[in-house]
Amino acid sequence: MHMTMRWFGTGYDSVTLAQIRQVPGISGIITTLYGTRPGDVWEKDAILAMKNEVESAGLSIAGIESVNIHDSIKVGSPERDKYIDNYITTLDRLGEAGFRLVCYNFMIIFDWTRSDLAKIRNDGSTVMSYNQALIDQIKPDSMFDTMSAKSNGFALAGWEPERLAHLKELFALYEGITEETLFVNLKYFLERIMPTCEKHGIRMAIHPDDPAWPVFGLPRITKNKADLQRVTKMVDNPLNGITLCTGSLGTDPTNNIPDIIAALKGRIHFAHVRNLRHNAPGDFEECAHLSADGSLDICAIMKALYDSGFDGPIRPDHGRAIWGEVSMPGYGLYDRALGASYLSGLWEAIAWQAQE
Ligand code: DNO
């Protein structure tokens, strides 16, 4: 594995590349071309400028998170081919620039969802949390305002204001879409992009649903082991893989993450490892990465990744807001740096013991 951190780009992130470079063990960053919309073709010059900026700071780009998917592809409407062509052009350009990992998701309308972005914990830190009863009281059209109200002024990844300004149209577009339609449309998309992925050796890593159940009645198809196995088997190419996101899969306590890792061996191209704490069914909050602070056994997860031969980038994920830091919720420097060091320490111990 190689340890990385997500970076949102100059002007989008409170954290600098120089700071990330000083976190022990970090060899690369995960980023995207912010300012692009789902469906856009990425400009070659912009891709190279992004690469140069990171490399001049002494780091490399270990993967792109995300190249987002246009709604027509998820719905399977007639203009999808045009947008898949655009996606292919972007992949081609990323491949030519030397990128070998692309994370994406197939969540519809809303990406990751929380009811509170700054819940205060006993130690004074704040975390993002989710409570289904609270979400049930929020109308989908006010979800964007709920999310952005506590975003400290940062644009939240996956919550593009331009797209979500048309929520009514989006809900109408997805009317009648079922899990089955989504699987069929994802298969169509993957089959069309695989030749380009093969040309460059680009690993595609679908990100699981967060939380791992339907929200606002919208179907979701990457919630658990069965879903992820279906996605990888329906287009049985080693480049068609997943992002193992423990914070997303872990929202459902019936998801046994070490077991999912073993089942998806060889198809896990990217890992987001973090902990969360279950308070009650449908009610969870994020926490420090440490196993003792939450409900997930992070050591067992890292061991399962090690045993599966995982060789991709890994990154700490959402951290708590601590020590007065003001950042994009979940993406401050301090708690993610603690998380990265903890994960690197676990990995070192697991590797050391394996050699004994
Ligand atoms: C949230 C992230 C997601 C993720 C996308 C991947 O913090 O984990 O927004 O980047 O779903 O496409």
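The values are calculated or read from the model by the stated rules, or taken from the named source; none is laboratory data. Here the structure is a predicted model, which means the values were calculated and not measured. Cβ placement follows ideal geometry from the backbone for every residue including glycine, while neighbour counts extend to all protein chains displayed.
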**Complete:** Over the stretch 198-238, the set of residues surrounded by fewer than 22 Cβ atoms within 10 Å (Cβ to Cβ) and more than 23 Å from Trp112 (Cβ to Cβ) is Glu198, Lys199, His200, Gly201, Lys233, Met234, Val235, Asp236, Asn237, Pro238
**Request:** Keeping to the stretch 120-136, report how many residues are farther than 20 Å from Trp159 by Cα and not aliphatic (A, V, I, L, M).
**Result:** 6
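Of the residues that make up the stretch 275-292, is at least one of a type in the set (Ser, Thr, Tyr) and not in a helix (DSSP H, G or I)? Can you show your working first?
Of the residues in the stretch 275-292, the ones of a type in the set (Ser, Thr, Tyr) are 291.
Those left that are additionally not in a helix (DSSP H, G or I): none.
Checking the stretch 275-292: not a single residue is of a type in the set (Ser, Thr, Tyr) and not in a helix (DSSP H, G or I).
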**Fill in**
Going through the stretch 135-168 in order, the residues found to be modelled with pLDDT of 90 or more and closer than 17 Å to Phe216 by Cβ are Ile135, Asp136, Gln137
**Request:** Would you check which residues across the stretch 21-51 are away from the ligand (no atom under 14 Å from the Cβ) and touching a Phe, Trp or Tyr at 6+ places or on another chain (Cβ under 6 Å) and list them?
**Result:** Gly39
**Message:** Take the residues in the stretch 157-169 that are part of a loop (DSSP other than H, G, I, E, B) and aliphatic (A, V, I, L, M); name whichever of them is farthest from the ligand (Cβ to nearest atom).
**Reply:** Ala165
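Based on what the data block shows, is Gly324 assigned to a loop (DSSP other than H, G, I, E, B), within 16 Å of the ligand (Cβ to nearest atom) and of a type outside the set (A, V, I, L, M, F, W, C)?
No, not satisfied.
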**Residue ID - farthest from the ligand (Cβ to nearest atom), chosen from residues in the stretch 273-284 that are within 18 Å of Cys299 (Cβ to Cβ) and in contact (Cβ under 8 Å) with a residue 60 or more places away in the chain** = Val273
**Asked** Taking the stated definitions as given, is Ala172 away from the ligand (no atom under 16 Å from the Cβ), in a helix (DSSP H, G or I) and modelled with pLDDT of 95 or more?
**Response** no
**Message:** Here are the criteria: (1) within 16 Å of the ligand (Cβ to nearest atom); (2) surrounded by 21 or more Cβ atoms within 10 Å (Cβ to Cβ). Tell me which single one Ala288 does not satisfy.
**Reply:** (1)
**Identity of the residue in the stretch 147-156, outside any loop (DSSP other than H, G, I, E, B) and within 16 Å of the ligand (Cβ to nearest atom), that ends up surrounded by the fewest Cβ atoms within 10 Å (Cβ to Cβ)** = Ser148
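Please indicate, with yes or no, whether at least one residue in the stretch 296-304 is away from the ligand (no atom under 13 Å from the Cβ) and either of a type in the set (Ser, Thr, Tyr) or within 20 Å of Ala157 (Cβ to Cβ) (or both).
So the first thing to find is which residues in the stretch 296-304 are away from the ligand (no atom under 13 Å from the Cβ), and the list is 296-304.
The next check asks that each one be either of a type in the set (Ser, Thr, Tyr) or within 20 Å of Ala157 (Cβ to Cβ) (or both); those that pass are none.
No: zero hits.
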